[in-house]
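Chemist: Below are the structure tokens for one structure; questions will follow.
Nothing in this text is a laboratory measurement; each read-out follows from the coordinates by a stated rule. This one's a predicted model, so the numbers in the text were calculated from it and none came from an experiment. Counting neighbours? That spans all protein chains shown, and the Cβs are built from the backbone with ideal geometry, glycine included.
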Amino acid sequence: MNSFVVKKIESWPVDLPLKASFVVATGSMDVAKNIFVRVTLQDGSQGYGEIAPFPEISGENQEACLSAFPAAAQVILGQPATQYRRLSRQLHEVTHPFPALRCGLETALLDALCRGRGIPLWGLWGGADVRSRETDVTLPIGAIDDVVATAQDWYQQGFRLLKMKVGQSVEKDIRRVEAVAAVCPQASFVIDANQGYTFDEARVFIEAIEQLSIPVQVFEQPIHRDHLEEMSILKNQSTIPFAADESLRSLEDARQLIEQKAVDIFNLKITKCGVIESVRIAELAQASGLRLMIGGMVESRVAMGCSWSLVLGLGGFEILDLDMPLLLSTDPIQGGYHYEGSSLYPWHEPGLAMSIHAFHASVVAIE
Ligand SMILES: [Mg+2]
């Protein structure tokens, strides 16, 4: 039998508590309720994946992903991992409302394949840009004094790209961004409204930021994901580059955004689109002259390691929003890539080079 055939798939839920409440315009989270996945191939190679649903953003949750898991696992069980593009397409049909579930299975499949082949996961994508890179760090919505103190703390640790969540109250948002900029003089900013503004509110916010000369590298998802025409107007009226996040949940969304010239930058997340579809979106963006950033949901180094592999392997990512493991109070993973301050470092061992202890895993296997 083909040594890269999938012979076993395990899954187990994991709770990942955050150091502080993660508050964004559409909701908040204290504990990420995720699921780890392990795929074992015929030759014994094992790969890990992570399902990281963010209910307020994608509508998925841990419970729904766990109940949809067995049917999705059957799609890849007994199949050769070398045919991962076909399997990704078939997974898409089964997991359509559950992109995070698809992402977790794809990651584990690809990690196992790369371990079997003896190459790092980024090697599968071509190793276009293998070097250490800086990530931003996220400042969730909160009381102004708390956010300023948190910002100063990160700034002292060397972080120079600060991602500020906004979208609940324009006036408070402007004051908070201004206050953080005042105490972090060398910082530049990513602003993310998570669809929280109306068109007029977005205009007020942007004008204030421009008047205050706050250096904003990108403004993510100022308004509702379906309002592409208004996004295009905002983009044309402003000096700040705009990114689609919630508006970009599939290859079809990417085509629409390009056709309507709605944004300057795509914010890719494997949890929204799956791994292989994210690769296809990145290639389409590059061919269409759009810029790329990459982020994640509330997730550990497993899902984020897969995103980091795309940065290293595909190249062309300008802005990295890969800070989430730094905001968690636990790291249940051994090995893999590591952080030093605001830098992520590449790894050179096969796959994701990680291992995780499986607690009471559910097993789908062939005998
Ligand atoms: Mg975002």
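Chemist: For Lys7, list the aspartates and glutamates whose Cα falls under 16 Å from its own Cα; do not include residues on the same chain fewer than 8 positions away.
Modeler: Answer for Lys7, where 16 Å is the Cα cut-off: Asp43, Glu106, Asp111, Glu367, listed by chain and number.
Chemist: Additional query: Considering the Cα trace of region 69-181, what is its radius of gyration and what is Dmax, both in angstroms?
Modeler: Cα only, region 69-181: 21.0, 56 Å (Rg, Dmax).
Chemist: Using 0.36 nm per residue of separation minus the Cα-Cα distance, give me the extension gain between Val183 and Ala20 in nm, one decimal. Intermediate values should be presented prior to the final figure.
Modeler: Numbers: separation 163, 0.36 × 163 = 58.68 nm, distance 2.11 nm.
Stretched fully, the Val183-Ala20 segment lengthens by 56.6 nm.
Chemist: To continue, here is another question. Find how much the distance from Arg255 to Val130 grows on full extension, using 0.36 nm per residue of separation minus their present alpha carbon separation; answer in nm with one decimal.
Modeler: Working: separation 125, 0.36 × 125 = 45.00 nm, distance 2.85 nm.
The Arg255-Val130 span can extend by a further 42.1 nm.
Chemist: In addition: Which FRET efficiency value, to the nearest 0.05, do you get for Leu327 and Gln83 by plugging their Cβ-Cβ distance into 1/(1 + (r/R0)^6) with R0 = 35 Å?
Modeler: Details: r = 36 Å, r/R0 = 1.04.
With a Förster radius of 35 Å, E is 0.45.
Chemist: Now for a separate question. Ile366 to Ser3: FRET efficiency via 1/(1 + (r/R0)^6), r the Cβ-Cβ distance, R0 22 Å, to the nearest 0.05? Provide the component values of the computation, followed by the final result.
Modeler: Values: r = 14 Å, r/R0 = 0.64.
That gives a FRET efficiency of 0.95.
Chemist: Once fully extended, how much extra length lies between Glu210 and Val94, figured as 0.36 nm per residue of separation less the alpha-carbon to alpha-carbon distance? Show your work: numbers first, answer last.
Modeler: Values: separation 116, 0.36 × 116 = 41.76 nm, distance 4.57 nm.
Net length gain for the segment: 37.2 nm.
Chemist: So what is the relative contact order for region 123-352, in percent, with contacts set as C-alpha pairs under 8 Å and at least six apart?
Modeler: Details: 421 pairs, mean separation 51.2, N = 230.
The normalised contact order for region 123-352 reaches 22 percent.
Chemist: Moving on to the next point. If I histogram all Cα-Cα distances within the chain using bins 10 Å wide from 0, what percent of pairs lands in each bin?
Modeler: Binned Cα distances yield the sequence 5, 26, 34, 24, 9, 2, 0.
Chemist: For region 126-247, just list the percent of Cα-Cα distances falling in each 10 Å bin from zero outward, please.
Modeler: Once binned at 10 Å, the Cα pair distances of region 126-247 give 13, 45, 30, 11, 1.
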